[in-house]
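This report concerns only the one structure given below.
The values are calculated or read from the model by the stated rules, or taken from the named source; none is laboratory data. Source: prediction; values computed, not measured. Cβ placement follows ideal geometry from the backbone for every residue including glycine, while neighbour counts extend to all protein chains displayed. Calculation scope for accessible area: heavy atoms of the full protein, side chains included, ligands and nucleic acids excluded. Shrake-Rupley method; radii C 1.70, N 1.55, O 1.52, S 1.80 Å.
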Amino acid sequence: DGNRIVFVSNRDGDFDLCIMNADGSNVLNLTNNAVDDDSPSWSPDGQFIAFSSERDGNRELYRMKPAGTNVVRLTNELSFDLSPAYSPDGSQIAFVSNRDGIWRFNGTLLLFDSNREGNYELYVLDLSTLAVTRLTNNSVFDADPAWQP
């Protein structure tokens, strides 16, 4: 509803997730720990925040309530998982990983960046046909795309 903002801050040393009111008041550290937490993503209904963390010794995806409670680990692989993004209906999460391929929990279209042709460009993958469409084609770095809600 736009009333709160979740963000990454190193105000307490390591990178933690913090939340505040949209006017900048009432800043609260949600993950205050000795490892890096980052890449927060609100669920469309505002009930959860997905994020990336090294809290279990490996970069994995987690989900928690906006109060910093009910933390649940979503991935458990010997890989580097980060940048979760909820689908518009909140039923799926896509994310970046150094595993082979593109990873998702569900969905029909996946927007991503890749340097598969020697330069980072934006692509969309139709998950039903596996057809990849290149969206950008230039000599600059294009990355971290996000769908408009």
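Observations
- Among the residues of segment 120-142, those that are at pLDDT below 85, surrounded by 13 or more Cβ atoms within 10 Å (Cβ to Cβ) and in a loop (DSSP other than H, G, I, E, B) comprise Y120, L127, D142.
- In segment 70-95, residue nearest to N58 (Cα to Cα) [restricted to those that are open to solvent by less than 50 Å² (accessible area, probe 1.4 Å) and in a loop (DSSP other than H, G, I, E, B)]: S79
- Close pairs from segment 85-98: first farther than 20 Å from E54 by Cβ, partner polar (S, T, N, Q) and assigned to a strand (DSSP E or B), Cβ under 7 Å, at least 6 apart: Y86/S41
- Residue match in segment 78-87 (condition: aliphatic (A, V, I, L, M) and over 27 Å from G2 (Cβ atoms)): yes
- Residue in segment 26-34 that is in a strand (DSSP E or B) and under 18 Å from N98 (Cα atoms) present: no
- Selection status of G46, on the phi > 0 side of the Ramachandran plot, touching an Asp or Glu at 6+ places or on another chain (Cβ under 7 Å) and of a type outside the set (S, T, N, Q): yes
- Taken over segment 49-63, the criterion of being open to solvent by less than 60 Å² (accessible area, probe 1.4 Å) and under 18 Å from Q92 (Cβ atoms) is satisfied by I49, A50, F51, S52, E60, L61, Y62.
- Only a single item in (1) under 15 Å from I93 (Cβ atoms); (2) over 15 Å from the mean Cα position of the chain (by Cα) is not met by S41, and it is number (2).
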